[in-house]
1. With the crude spin-label approximation of a point 7 Å out along Cα→Cβ, what separation in nm comes out for residue 188 versus residue 164?
2. Contour minus end-to-end for residue 235 and residue 7, with contour as 0.36 nm per residue of separation and end-to-end as the Cα-Cα distance?
3. Spelling out what I want: for every residue of the range 72-79, take phi, set θ = phi - 60°, compute 6.51 cos²θ - 1.76 cosθ + 1.60 (Karplus), and round to whole Hz; glycine and proline get x.
4. So what's the range 1-110 giving for Rg/Rh, alpha carbon basis, Kirkwood Rh from the mean inverse pair distance?
5. Going by amide H atoms built from the backbone, whose H comes under 5 Å of the H on residue 160, apart from near neighbours?
6. By the gyration tensor of its Cα atoms, with a ≥ b ≥ c the square roots of the eigenvalues, what is the shape of the range 6-246: rounded for a/c under 1.5, prolate for a/b over b/c, or oblate?
7. In whole Å, what is the distance between the alpha-carbon centres of the range 29-49 and the range 99-158?
8. Determine ³J(HN,Hα), in whole Hz, for all residues of the range 118-126 in sequence, where each value follows from phi through the Karplus function 6.51 cos²θ - 1.76 cosθ + 1.60 and θ = phi - 60°; x replaces Gly and Pro.
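Read the figures in this text as sums done on the coordinates, not as results from a lab. It should be emphasised that the depicted structure is a prediction, and the values quoted were computed from it without experimental measurement. Every residue, glycine as well, gets a Cβ built from its backbone with ideal geometry; the counts of neighbours run over all protein chains shown.
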Amino acid sequence: MTGIASAETVVVSPTQMGSWSFSTVDGNGDACTPSTGTCGSGSMVYGPATPPLGVGSANLQTGPGGGDGEAKIDSTSLNGVTLGDLTSLSYSTYLTDNSPNDQQFPYLKLYLTWDGGLDTDAIYFEPPYQTPSTGSPSLPNQGATALDTWQTWNALTGGWWDDDGECNPGTNEPPSTQGVCSLSQLSTLLGVSLNDITIDGTNAPDGDALSLRVGGADPADTFNGYVDNVTVGVSGSDTTYDFEPTAATPEPGTIFLSGAGLLLFAAARRKALRARG
């Protein structure tokens, strides 16, 4: 049965994280502590500049000399959803530092399973691989990345690479000559229908199948990025996550109704006083 199209925006803040959580890992992929490496950080902040939604975003940064570690914000919101059920998947980025290689931007990772969990994979959407020359000529050109600029990326229609080596960043890299792949191209190469591939956090360290992160590169690399406006759509129903440093304020309609209620109460009280007088 076809789902009824709908959309909602959910504010995510330090006091109402919902399905989201921050974490950092060291260069071995283990939970980062001062004794295991130079840890990065993740937090909700104001800005930078004018975010696509609200006044804030999620800041992800690696620590000095810890570019091989990762700072990430993960979610269980897509756990159990098949790739075939995805109808939206996008997010916005702002990057101030990815030196010295000027390559990586905040990227999206999904953990996958199929064949009843017997087969697993992890796939990655990276903004720098979304032009014909850097990614795949067969996929939409989403434009070049830029520092200190909010940019929005459509991961659903974009190019991905995976842990199984079916798709690769760049072009003409065996075994995939088309470089990064669309989700449908990836499913063909894996020999599995999109409807049979499940986004599954079972093999994810924290059980979160959806992850936005920076790092995992060279220890000398430095990353400081921001993400916001994360939209996930399942069977036509979209949820957009707005990352903010403080909890949501009452909607204008709620404030109006509260004010109207106070006015009615005041009028009723004046009438009662006149009646007694």
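1. It is 1.5 nm.
2. Values: separation 228, 0.36 × 228 = 82.08 nm, distance 1.14 nm.
Extra length from residue 235 to residue 7 when fully extended: 80.9 nm.
3. So the Karplus estimates, Gly and Pro as x, are 8, 10, 10, 9, 9, 4, 10, 4 Hz.
4. Values: Rg = 16.2 Å, Rh = 16.1 Å.
Taking Rh as the inverse mean 1/r over Cα pairs, Rg/Rh reads 1.00.
5. Residues meeting the amide H criterion: 181, 182.
6. Values: a/c = 1.33, a/b = 1.20, b/c = 1.11.
Cα axes put the range 6-246 in the rounded bin.
7. Value for the Cα centre distance between the two parts: 22 Å.
8. Values per residue, Gly and Pro as x: 6, 10, 9, 7, 10, 10, 10, 10, 10 Hz.
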